[in-house]
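Q: I have a structure I would like to understand better, so I am pasting it below and will then ask my questions one at a time.
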Amino acid sequence: MQYRIAVLPGDGIGPEVTAEGTKILDRIGRKFNHSFSYSMGAIGGNAIDSTGSALPPSTLDSARKSDAVLLGAVGGPKWDNPLASVRPEDGLLAIRKELSLFANIRPVKVFQELKEASPLKPHILEGVDFVVIRELTGGLYFGKPKRRWRTKTGKRRAIDSMAYSEEEILRVLRVGFELARGRRKHLTSVDKANVLESSRLWRELAQEIAPQYPDVELQHMLVDTAAMQLVRAPARFDVIVTENTFGDILTDEAAILTGSMGTLSSASLAGTPSSEVGAFGLYEPIHGSAPDIAGLGVANPIATILSVALLLRYSLGLEAEALAVEKAVDQALADGHRCADIVGPGETPIGTLEMGETIGSRIGP
């Protein structure tokens with residue numbers, strides 16, 4: 001089979017880690033008789049520098065013509081001016097909106113070999129393997145009105161709106177129920193229904209569609225309780241579904257369980273994932289552009305490589321290929337290979353290229 005992948009390296013370490021991701025795809029292609037072609041596009045800070053836009057029309061057009069999108073990271077101090085009219089993050093928000101990427105899926109799995117890298121005690125991490133689904137195109141980040149102004153007395157004010165429609169909530173809840181159905185059949189819906197009207201609607205809709213999934217146990221949890229339980233008893237979770245802002249915060253907290261953001265992948269989908277080809281998606285590591293280590297060859301590519309596994313699974317329907325990538329990562333870690341962000345006492349770190357090659361060699365030539 002032939003597949004077209006839009007590759008958006010972005011800023012900082014983005015080009016380094018996406019390069020390792022495409023190498024993994026090429027190895028999968030050789031092993032399983034697939035062909036991958038790549039169209040490169042600019043996004044974020046580098047796109048602002050070259051075109052004045054954080055998401056040039058050519059990049060968006062290339063993404064729409066592809067089977068899936070592989071993204072590096074955006075942003076950096078060079079463009080970190082709060083008064084700037086265009087920011088790198090504008091490109092990320094825009095591509096999510098333009099491609100209707102409403103469901104962000106972030107698997108959180110603690111590797112046995114990396115337990116010591118986490119600040120939490122090892123017994124708390126035993127059995128941690130869950131998925132967070134974050135609604136991605138609504139809520140505070142997109143709601144209107146959103147503006148800043150000065151009052152008549154010269155004081156500065158600002159407003160953001162957390163707005164959700166029934167359709168926006170239902171479609172992401174369905175992704176949660178579907179994923180839970182294929183896992184341990186437990187869905188935790190996270191909200192702030194004791195305070196927010198949008199959360200009360202969220203909870204009401206979750207209760208309304210739950211009977212359509214009688215095999216899935218639905219639990220409601222307030223976001224502050226969820227934040228506490230993520231570090232107190234994370235193994236209790238199977239699938240978590242929540243709105244945009246809560247999901248943004250909780251997924252970064254969940255990254256601490258693994259000891260490093262350098263190992264966590266994500267998928268942003270425009271539909272409900274299934275075992276068959278279907279859901280168009282954008283795939284990226286959850287870490288940032290890390291400009292302080294850009295160009296040094298020390299960035300951990302594992303999160304990008306595991307994002308490639310999600311790409312194979314959710315957008316291309318290639319489950320065996322996805323498992324081959326995940327198994328290769330497991331084997332590399334089991335054999336003691338570590339990048340600087342996950343290296344332990346007495347261990348010698350390897351670089352980006354070395355880790356990519358180490359994992360790739362466990363897939364095939």
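Q: Determine if the range 39-48 includes at least one residue that is under 19 Å from the mean Cα position of the chain (by Cα), surrounded by 14 or more Cβ atoms within 10 Å (Cβ to Cβ) and closer than 22 Å to Ala328 by Cα.
A: Looking for residues that are under 19 Å from the mean Cα position of the chain (by Cα), surrounded by 14 or more Cβ atoms within 10 Å (Cβ to Cβ) and closer than 22 Å to Ala328 by Cα, one finds none in the range 39-48, hence no.
Q: Test each condition in (1) hydrophobic (A, V, I, L, M, F, W, C); (2) crowded, with 16+ Cβ neighbours inside 10 Å; (3) more than 23 Å from Ser53 (Cβ to Cβ) for Trp149 and report the one that comes out false.
A: Trp149 satisfies every listed condition except (2).
Q: Which of (1) closer than 28 Å to Ala103 by Cβ; (2) aliphatic (A, V, I, L, M); (3) exposed (fewer than 15 other Cβ atoms within 10 Å of the Cβ) is the odd one out, the single condition Leu311 does not satisfy?
A: Result: Leu311 passes all but (3).
Q: Quick check: is even one residue across the range 344-365 farther than 30 Å from Leu99 by Cα, hydrophobic (A, V, I, L, M, F, W, C) and within 20 Å of the chain's Cα centre (by Cα)?
A: no
Q: Pick out the one residue from Leu173, Leu120 that is surrounded by 14 or more Cβ atoms within 10 Å (Cβ to Cβ), modelled with pLDDT of 95 or more and out of contact with any Lys or Arg (no Cβ under 8 Å at 6 or more places or on another chain). Please lay out each step first, then the result.
A: Values: Leu120 fails: modelled with pLDDT of 95 or more.
Just a single option satisfies the conditions, and that option is Leu173.
Q: If we scan the range 142-155, do we find a residue that is closer than 28 Å to Tyr314 by Cβ and touching a residue at least 40 places away in the same chain (Cβ under 8 Å)?
A: Checking the range 142-155: at least one residue is closer than 28 Å to Tyr314 by Cβ and touching a residue at least 40 places away in the same chain (Cβ under 8 Å).
Q: Taking the range 315-332 as the search range and keeping residues that are touching a residue at least 24 places away in the same chain (Cβ under 8 Å) and surrounded by fewer than 20 Cβ atoms within 10 Å (Cβ to Cβ), which one is farthest from Pro301 (Cα to Cα)? Walk me through it before giving the result.
A: Pass one, the range 315-332, residues touching a residue at least 24 places away in the same chain (Cβ under 8 Å): 315-321, 324-325, 327-332.
Then drop every residue that is not surrounded by fewer than 20 Cβ atoms within 10 Å (Cβ to Cβ), which leaves 317, 319-320, 327, 330-331.
On the way: Gly317: 23, Glu319: 21, Ala320: 21, Lys327: 15, Asp330: 14, Gln331: 15 Å.
Taking the candidates together, the pick is Gly317.
Q: Still on this structure, please answer the following. Against the definition (closer than 22 Å to Leu333 by Cβ, at pLDDT 95 or above and not small (Gly, Ala, Ser)), how does Glu284 come out, yes or no?
A: Values: closer than 22 Å to Leu333 by Cβ: yes; at pLDDT 95 or above: yes; not small (Gly, Ala, Ser): yes.
For Glu284, the condition - closer than 22 Å to Leu333 by Cβ, at pLDDT 95 or above and not small (Gly, Ala, Ser) - is met.
Q: Something else: Cβ-Cβ under 7 Å, sequence separation 6+ or interchain: first residue in the range 279-305 and at positive phi and in contact (Cβ under 8 Å) with a residue 24 or more places away in the chain, partner in a loop (DSSP other than H, G, I, E, B) and surrounded by fewer than 23 Cβ atoms within 10 Å (Cβ to Cβ). Which pairs?
A: Taking only residues 6 or more apart or on different chains, the pairs are Gly297/Gly351.
The values are calculated or read from the model by the stated rules, or taken from the named source; none is laboratory data. Small disclaimer: the values here were computed from a predicted structure and weren't measured. We place every Cβ from the backbone using ideal geometry, glycine too, and count neighbours over all the protein chains shown.
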